[in-house]
Amino acid sequence: MTATARLREEQVFHDRQARARAATFEQRPDRLLFPDDAYLDHETWVRPALARLGNLEGRRVLDYGCGHGMASVVMARRGAWVTAFDLSGGYVAEAARRAVANGVAVNFAQADGARLPFADASFDRVWGSAVLHHLDVDIAGRELLRVLRPGGIAVFCEPWGENPVLRWARRRLPYRGKERTHDEEPLRLCQVRALRLLFPTVEVRGYQLLGMARRVVGSGRVASALDRCDTALLRAVPPLRTLCRYVVLVLARG
């Protein structure tokens, strides 16, 4: 598949998702309202990942592939000047409605991560969730480096593809929230290596080893117990982080 065809497929796929969601919000606009904790605690890596951005008061922050826009709202509530973009016009529309409903100001744009419509050195911080693995990391990484200010930091939360058992399960087993485009693949080590050629500092931290069973058991006591086991196990044996379900990448520009 060509890059143009893949881009179009991604846009159509996510616009379709956004249309289905829009009907819900037409019936219940109050569902656009949410407290910060609803976003920060919906997955185990989100709160610690967002904390890596540091104090956001007065910072210019880019929500990179904003999707539903909850991260944009949370960061704006923390005093950031937030700009957000997404490839999907449908998701940009939803995110804009959510910002208005929650009483925060965010600038939105529809854009492709490989061709960002922002000036050089525009942002102090960049946040992205489940977006880099959709892109050509060589191209997107250069654009990301271009729009970050010197000393800037980017944090991305990405599905991770270095666990062979998990790769098999993603391809073969049905589970909640599996919807994706047919050629979508999790981030791999080769892509992290490409980012290390661009950024002087790239940190990678894995989340949910045993906790990946959340996809089956849901939330509750079992999930909480698995999270506690992960905390202890991954601290004791750091190499196991390469087998986790998700990773948080922290990219620092010199």
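We did not get these values from a lab; they are worked out from the coordinates using the rules stated. Quick caveat, the model's predicted, so the values are computed rather than measured. Don't worry about glycine lacking a Cβ; one is built from the backbone with ideal geometry, like all the others, and counts go over all protein chains shown.
Based on DSSP H segments of at least four residues, each scored -39500 (n - 2.57), the chain has a per-residue ellipticity at 222 nm of -12500 deg cm²/dmol.
Taking N as the number of residues in the range 192-242, what value does Rg over Cα atoms divided by 2.2 N^0.38 Å take? Rg over 2.2 N^0.38 Å, computed on Cα atoms: 1.44. Remark on Tyr246: its backbone amide H falls under 5 Å from those of Trp160, Tyr207, a criterion applied only to residues 5 or more positions apart or on other chains, H modelled at 1.01 Å from N.
Full extension of the chain segment joining Arg221 with Glu184 gains 10.1 nm, where the gain is 0.36 nm per residue of separation less the Cα-Cα distance. Dimensions of the chain based on its C-alpha atoms, expressed as ranges along the principal axes with the largest first, amount to 46, 41, 41 Å. As an exercise, use a Förster radius of 25 Å and the Cβ-Cβ distance of Trp168 and Leu233 to find the FRET efficiency, rounded to the nearest 0.05. Step by step, r from the Cβ atoms, then E = 0.70. With a cut-off of 15 Å on the backbone N, the residues of the range 1-23 near the modelled label site 7 Å out from Arg97 along Cα-Cβ are 15-23.
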